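The values are calculated or read from the model by the stated rules, or taken from the named source; none is laboratory data. Everything quoted here is computed from the prediction, not taken from an experiment. All Cβ positions, even for glycine, are placed from backbone atoms using ideal geometry, and neighbour counts span all protein chains on display. SASA here: full protein model, heavy atoms, side chains in, ligands and nucleic acids out. Shrake-Rupley method; radii C 1.70, N 1.55, O 1.52, S 1.80 Å.
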Amino acid sequence: MKTFKFPARHGYAVEISPFIPTRLACATSQYYGIAGCGTLLVLEQTETGITLVKSFDWNDGLFDVTWSESNEHILLTGGGDGSLQVWDTANPQPGPLQVLKEHTQEVYSVDWSQTREENLVVSGSWDRTAKVWDLSRGGQSLCTLQGHEGVIYSTLWSPHIPGCFASASGDGTLRVWDVKTGRCRLAIPAHKAEILSCDWCKYDQNVIVTGAVDCSLCVWDLRNVRQPLSRLRGHSYAIRRVKFSPFNQTMLASCSYDFTVRLWDYSRTEQPLLETLEHHSEFVCGLDFNLQIPNQVVDCSWDETVKIYTPLCLAAPPPSARVW
């Protein structure tokens with residue numbers, strides 16, 4: 001396991017570059033995001049550890065980060081002042097390239113579209129709105145989508161369907177939106193508690209997972225939402241982030257305020273929990289799979305660390321490949 005320590009900064013989100021498999025970014029905040037400033041850390045994984053490539057400071061906490069899907073140097077963060085910040089790792093200047101300010105409360109989620117037909121960003125805010133942006137068109141959003149009755153904690157583009165994203169909210173619903181019409185296509189009362197995270201399956205455009213304050217993950221088939229495909233229990237406090245594996249259709253990871261990261265296979269009805277990792281001493285808020293290095297996971301925590309590792313359940317060969 002490789003560890004990077006960042007004193008006096010608490011990790012909120014971490015994402016690996018889609019271009020450089022050893023490059024990652026971490027959004028952090030001072031004083032647990034309650035007050036103070038934020039720092040975007042750009043890190044490099046080496047043979048022996050993790051090194052700092054560059055850091056960018058912002059005058060408020062940073063709660064999420066996403067890499068550009070079209071330029072390996074560009075990143076976007078969401079801040080506590082309601083703004084989105086565009087950063088360029090190749091720019092010698094310390095400040096952002098662009099600041100997008102329309103949200104009236106904290107921006108808790110940002111995501112860059114992965115489909116080739118578009119180059120759009122979606123943001124989700126505590127002001128209960130999601131906004132879609134085209135950064136090539138200047139500093140104004142293309143549209144604002146309203147409908148949630150609570151804070152929006154997570155907004156995520158479909159990796160399959162252009163112009164489609166999902167949002168998870170404190171109102172207990174998961175919503176799927178169509179940017180072209182500006183309307184909500186589907187609203188699912190997914191949990192009887194705040195939903196802090198969602199993620200799309202990389203292999204099936206109809207499957208999505210939610211993670212909530214009720215300590216459960218629910219896997220949904222959008223063609224039949226009367227009940228989840230699977231409900232995964234094991235965490236003892238709120239689930240902060242969920243991620244589907246890019247290499248296994250039914251495998252996913254979750255991190256929680258119970259200080260753990262857990263790996264699951266929802267196709268296993270008897271024992272879906274594969275592994276529990278207890279290597280943090282505070283809330284674990286950020287989580288990502290490496291798209292180019294199979295089975296590698298990265299996370300970040302309020303204990304001021306980023307960790308890179310391969311869970312044991314992923315390192316072991318599948319049963320069919322074992323030689324007895």
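Report the residue count in region 96-110 for those that are open to solvent by 30 Å² or more (accessible area, probe 1.4 Å) and either in a loop (DSSP other than H, G, I, E, B) or touching a residue at least 40 places away in the same chain (Cβ under 8 Å) (or both). Talk me through it step by step, then tell me what you get.
Step one: filter region 96-110 for residues open to solvent by 30 Å² or more (accessible area, probe 1.4 Å), giving 96-99, 101-102, 104-106.
Of the ones still in play, those that are also either in a loop (DSSP other than H, G, I, E, B) or touching a residue at least 40 places away in the same chain (Cβ under 8 Å) (or both) are 96-99, 102, 104-106.
Number satisfying all stated conditions: 8.
Answer yes if at least one residue in region 190-203 is free of Cβ contacts under 8 Å to residues at least 24 places away in the same chain, more than 18 Å from residue 276 (Cβ to Cβ), out of contact with any strand residue (DSSP E or B) (no Cβ under 6 Å at 6 or more places or on another chain) and not in a loop (DSSP other than H, G, I, E, B), and no otherwise.
Checking region 190-203: not a single residue is free of Cβ contacts under 8 Å to residues at least 24 places away in the same chain, more than 18 Å from residue 276 (Cβ to Cβ), out of contact with any strand residue (DSSP E or B) (no Cβ under 6 Å at 6 or more places or on another chain) and not in a loop (DSSP other than H, G, I, E, B).
Could you tell me whether residue 175 is basic (Lys, Arg), under 16 Å from the mean Cα position of the chain (by Cα) and closer than 19 Å to residue 157 by Cα? Give the derivation first.
Details: basic (Lys, Arg): yes; under 16 Å from the mean Cα position of the chain (by Cα): no; closer than 19 Å to residue 157 by Cα: yes.
Judged against the criteria, residue 175 is not a match.
Identify, please: which residue in region 292-313 is hydrophobic (A, V, I, L, M, F, W, C) and in contact with a strand residue (DSSP E or B) (Cβ under 7 Å, 6 or more places away or on another chain) and is, among those, most open to solvent (accessible area, probe 1.4 Å)?
312
Out of the residues in region 211-251 that are buried (at least 17 other Cβ atoms within 10 Å of the Cβ) and of a type in the set (Lys, Arg), which is nearest to residue 282 (Cα to Cα)?
Of everything passing the filter in region 211-251, 240 is nearest to residue 282 (Cα to Cα).
If residue 54 satisfies every condition in (1) closer than 23 Å to residue 294 by Cβ; (2) open to solvent by 40 Å² or more (accessible area, probe 1.4 Å); (3) assigned to a strand (DSSP E or B) but one, which is the exception?
Of (1) closer than 23 Å to residue 294 by Cβ; (2) open to solvent by 40 Å² or more (accessible area, probe 1.4 Å); (3) assigned to a strand (DSSP E or B), only one is false for residue 54: (1).
A quick yes/no check of all residues on (1) of a type in the set (A, V, I, L, M); (2) at pLDDT below 95; (3) assigned to a loop (DSSP other than H, G, I, E, B):
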site	(1), (2), (3)
18	no, no, yes
21	no, no, yes
26	no, no, no
39	no, no, no
92	no, yes, yes
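Could you tell me whether region 108-122 includes any residue that is in contact with a strand residue (DSSP E or B) (Cβ under 6 Å, 6 or more places away or on another chain), of a type in the set (Phe, Trp, Tyr) and modelled with pLDDT of 95 or more?
yes
Which residues, counting only those in region 7-32, are open to solvent by 10 Å² or more (accessible area, probe 1.4 Å) and farther than 15 Å from residue 241 by Cβ?
Listed by number, the residues that qualify are 7, 8, 9, 18, 19, 20, 21, 22, 23, 30, 31, 32.
Across region 58-85, which residue is farthest from residue 24 (Cα to Cα) among those that are among the polar types (S, T, N, Q) and surrounded by 24 or more Cβ atoms within 10 Å (Cβ to Cβ)?
Among them, the one singled out is 85.
Could we say that residue 88 is at pLDDT 95 or above, farther than 23 Å from residue 210 by Cβ, surrounded by fewer than 19 Cβ atoms within 10 Å (Cβ to Cβ) and not hydrophobic (A, V, I, L, M, F, W, C) here? Explain how you work it out, then say what you get.
Working: at pLDDT 95 or above: yes; farther than 23 Å from residue 210 by Cβ: yes; surrounded by fewer than 19 Cβ atoms within 10 Å (Cβ to Cβ): yes; not hydrophobic (A, V, I, L, M, F, W, C): yes.
Yes, satisfied.
Quick one: residue 279 ticks every box in (1) open to solvent by 10 Å² or more (accessible area, probe 1.4 Å); (2) within 18 Å of the chain's Cα centre (by Cα) bar one, so which box is it?
Exception for residue 279: condition (2).
Kindly check whether there is at least one residue in region 76-89 that is outside any strand (DSSP E or B), touching a Cys at 6+ places or on another chain (Cβ under 8 Å) and more than 20 Å from residue 286 (Cα to Cα).
Of region 76-89, the ones outside any strand (DSSP E or B) are 80-82, 89.
Right, trim to touching a Cys at 6+ places or on another chain (Cβ under 8 Å) and you get none.
No: region 76-89 contains no residue that is outside any strand (DSSP E or B), touching a Cys at 6+ places or on another chain (Cβ under 8 Å) and more than 20 Å from residue 286 (Cα to Cα).
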